[in-house]
Amino acid sequence: MGHRFQQAFPRNSYSINRNIFHGYDVWLLTITLFLICLGLIMVTSSSITLADRHYHDPLHYFWRQLSSVGIALGVACILIRIPMQIWERLSTVLLVVGFMLLILVLIPGIGYEVNGSMRWIHSWPFPLQASEPVKFCIITYMAGYLVRHGTGIREHFAGFIKPIIVLTILSALLLLEPDYGACVVIFAAALGMLFIGGVPLSRFISWMLVAGATLATLAILSPYRIQRLISFVDPWQDPFNSGFQLTQALIAFGRGNWLGAGLGSSIQKLFYLPEAHTDFVFAILAEELGLWGSLFVILLFCFLVWRAFVIGQVTEAGDRTFSAYFAYGTGLVIGTQAFINIGVNMGVLPTKGLTLPFVSYGGNSMIVTTALVAVLLRIEYENRQTRRINIPARSDIYAK
């Protein structure tokens with residue numbers, strides 16, 4: 001439905017003819033490719049010393065990330081040609097696939113542990129992080145459910161509680177790994193889609209409070225999460241132990257100043273800041289490119305999310321509700337994950353193991369996020385194809 005976005009994104013704000021090149025949205029495509037290239041640069045810059053020490057190849061992580069980008073672009077070229085009707089038919093199947101992945105990762109011998117979490121499945125050509133494809137699966141399922149049960153969701157409690165039960169079970173599987181960050185992103189995006197779908201505000205707020213209280217309780221009951229919360233509140237209380245990562249990230253922001261220390265000139269990446277090329281790559285970016293560079297990257301993400309919502313609004317105006325909800329879900333997932341990652345780097349949110357979309361090192365994240373944008377490009381492409389069919393030829397207009 002998305003009526004709450006009708007006023008925020010009026011139809012005439014979306015120019016169909018201006019922003020297209022070779023059949024696809026040139027702005028969305030350009031921003032995505034720019035972020036991918038920026039990510040390759042920052043992964044190389046932030047990991048070059050670490051790679052040289054551990055692998056005797058300064059470009060080790062660059063080559064691996066470049067191969068992930070190649071796979072991601074190959075997958076995108078395939079997905080961009082798949083009609084949205086096929087995804088709508090597969091929405092329930094993909095939910096089953098998502099559950100299977102989350103179950104498989106918990107089975108010893110299939111899933112394996114890294115840094116205390118069972119998040120990875122043995123696969124070729126590289127390990128599969130189960131929570132990443134689940135994001136794609138849950139967006140597709142929620143879009144299909146909102147189409148099939150839109151009236152029930154808005155008018156009956158049962159229609160609203162069914163997807164909540166699915167999300168609760170899925171979240172429980174994620175927390176068994178544990179993957180608290182992915183759980184927050186997926187749950188927040190799904191609730192956002194329900195809100196856009198027209199769930200009454202009182203019901204939505206009540207379940208938001210329940211979900212927030214549940215996640216807070218789980219965090220409090222886990223000793224290591226309590227330690228993270230304490231270090232988040234005052235990292236300088238224990239700067240060489242629990243608060244080490246955050247204090248080093250804040251030092252990186254301080255060194256960046258207005259214009260940055262210069263590309264490749266970061267000090268914090270020299271074994272001071274852990275996970276400098278993955279979860280905390282934005283801190284290195286801020287140190288090397290400064291405040292203006294950081295703000296520019298934030299604006300790029302804001303534009304990407306805004307574009308997703310505008311595409312969703314235009315799609316909904318054309319009565320293609322499944323595609324509209326998928327577009328909204330894509331914007332919510334990318335926006336939520338980018339917001340959390342940047343917030344963690346800046347010390348305004350507790351530490352989570354989440355990558356910055358397109359920028360952080362990580363093949364699974366790169367492939368899934370690029371796949372989401374590829375489907376978004378397909379939605380926009382179908383919007384214009386539908387519009388061209390509905391617009392009568394000029395000779396027909398004159399004949400009338």
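The values are calculated or read from the model by the stated rules, or taken from the named source; none is laboratory data. A quick note: this is a predicted structure, and the numbers were derived from the prediction, not measured. We place every Cβ from the backbone using ideal geometry, glycine too, and count neighbours over all the protein chains shown. Accessible surface is based on the protein model in full, side chains and every heavy atom, while ligands, DNA and RNA are left aside. Shrake-Rupley method; radii C 1.70, N 1.55, O 1.52, S 1.80 Å.
Brief remarks on what is shown
- Phi angles of the stretch 162-169 translate, via the Karplus equation with coefficients 6.51, -1.76, 1.60 and θ = phi - 60°, into HN-Hα couplings of 4, x, 5, 4, 4, 5, 5, 5 Hz per residue; Gly and Pro are given as x.
- Extension gain, HIS156 to PHE126: 0.36 nm times the residue separation minus the Cα-Cα distance gives 6.3 nm.
- Highest-fluctuation residue, HIS54, HIS149, HIS122 considered, GNM on the chain with Cα pairs under 10 Å: HIS54
- Cα-based helix-to-principal-axis angle, 363-390 vs the chain, degrees rounded to 10: 20
- J(HN,Hα) series, the stretch 173-182, from Karplus relation 6.51 cos²θ - 1.76 cosθ + 1.60, nearest Hz, glycine and proline x: 5, 5, 6, 6, 5, x, 9, 5, x, 4
- Comparing mean-square fluctuations of ARG378, ARG81, ARG307 from a GNM of the chain with C-alpha springs under 10 Å, the top value falls on ARG81.
- Nearest-ten-degree value, helix 201-221 long axis tilted from longest Cα axis of the chain: 20
- Helix-derived mean residue ellipticity, 222 nm - over the chain, DSSP H n ≥ 4, -39500 (n - 2.57), to 500: -23000 deg cm²/dmol
- Proximity of backbone amide H atoms, modeled 1.01 Å from N, is registered between ARG119 and TYR112, VAL114 at under 5 Å, excluding neighbours fewer than 5 places apart on the same chain.
- Exposed-loop-free span, longest in the chain, where chymotrypsin sites (Phe, Trp or Tyr not before Pro) count as exposed if DSSP calls them loop and at most 13 other C-beta atoms lie within 10 Å: 1-239
- Charge sum, other residues only, whose C-beta stays under 14 Å from VAL105's C-beta, Lys/Arg counted +1 and Asp/Glu -1: -3
- Taking all Cα pairs closer than 8 Å and separated by 6 or more residues, the relative contact order of the stretch 228-278 comes to 26 percent.
- Under Karplus coefficients 6.51, -1.76 and 1.60, residue-wise ³J(HN,Hα) of the stretch 188-195 in Hz, glycine/proline x: 5, 5, 5, 5, x, 5, 5, 5
- For LYS162, the solvent-accessible surface computed with a 1.4 Å probe is close to 120 Å², ligands and nucleic acids excluded.
- In percent, rounded to a whole number, the relative contact order of the chain is 25, using alpha-carbon pairs under 8 Å and six or more apart.
- Between the stretch 291-339 and the stretch 136-208, the Cα center-to-center distance that results, in Å: 18
- Charge context of ALA276, other residues only, Cβ under 14 angstrom, K/R +1, D/E -1: -2
- Listed residues GLU288, GLU382, GLU113, most fluctuating in the chain (Gaussian network, C-alpha, under 10 Å): GLU113
- Accessible area in square angstrom per residue, the stretch 235-330, 1.4 angstrom probe: 39
- Amide H to amide H distances under 5 Å link ILE267 with no residue, where only residues 5 or more positions off or on other chains count and H is placed in the peptide plane.
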